[in-house]
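Working notes, beginning with the structure itself.
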Amino acid sequence: MTADLERKLETAVLSDMPLEEVVSLLRQYKSFGVKQDEVYGFLTLLRNRVTDEALEDRVLEVADFVSGFCSPHMKVWEP
């Protein structure tokens, strides 16, 4: 994943952007050829950098969409 895509994802995840829009962004990344493990790895690093519990929870929620641990309509990558 490029640094530009990482910056955009970090901004989206750490903002008050609705989760549906974050999932839409993730689906764009998938269409660009970004792999599930790249995004999950980035979110793991991001989780380790945030110091606010609410932000950590949000990162974890987005990571659930990436891993597929969510409602079927919010999944991005299929197992």
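The values are calculated or read from the model by the stated rules, or taken from the named source; none is laboratory data. Everything numeric here is computed off the predicted structure, so don't read it as measured data. Note: ideal-geometry Cβ built from the backbone for every residue, glycine included; neighbour counts use all protein chains shown. The area values use the complete protein model at the heavy-atom level, side chains included, leaving out ligands, DNA and RNA. Shrake-Rupley method; radii C 1.70, N 1.55, O 1.52, S 1.80 Å.
Couple of notes before you dig in:
- Per the Kirkwood formula applied to alpha carbons, the stretch 25-68 shows a radius of gyration over Rh ratio, Rg over Rh, of 1.00.
- For the stretch 12-20, Karplus couplings with θ = phi - 60° (6.51, -1.76, 1.60), whole Hz, Gly/Pro x: 5, 5, 8, 9, 9, 4, x, 4, 4
- Accessible surface of the stretch 1-56 [probe 1.4 Å, protein heavy atoms]: carbon and sulfur percent: 50
- In the chain, Cα pairs under 8 Å separated by at least six residues give a relative contact order of 33 percent.
- Accessible area in square angstrom per residue, the stretch 2-79, 1.4 angstrom probe: 62
- Cα-based convex hull, the stretch 6-79, per residue volume (Å³, whole number): 82
- Packing-based order for 56-63, 32-39, using average beta carbon neighbours within 10 Å, highest first: 56-63, 32-39
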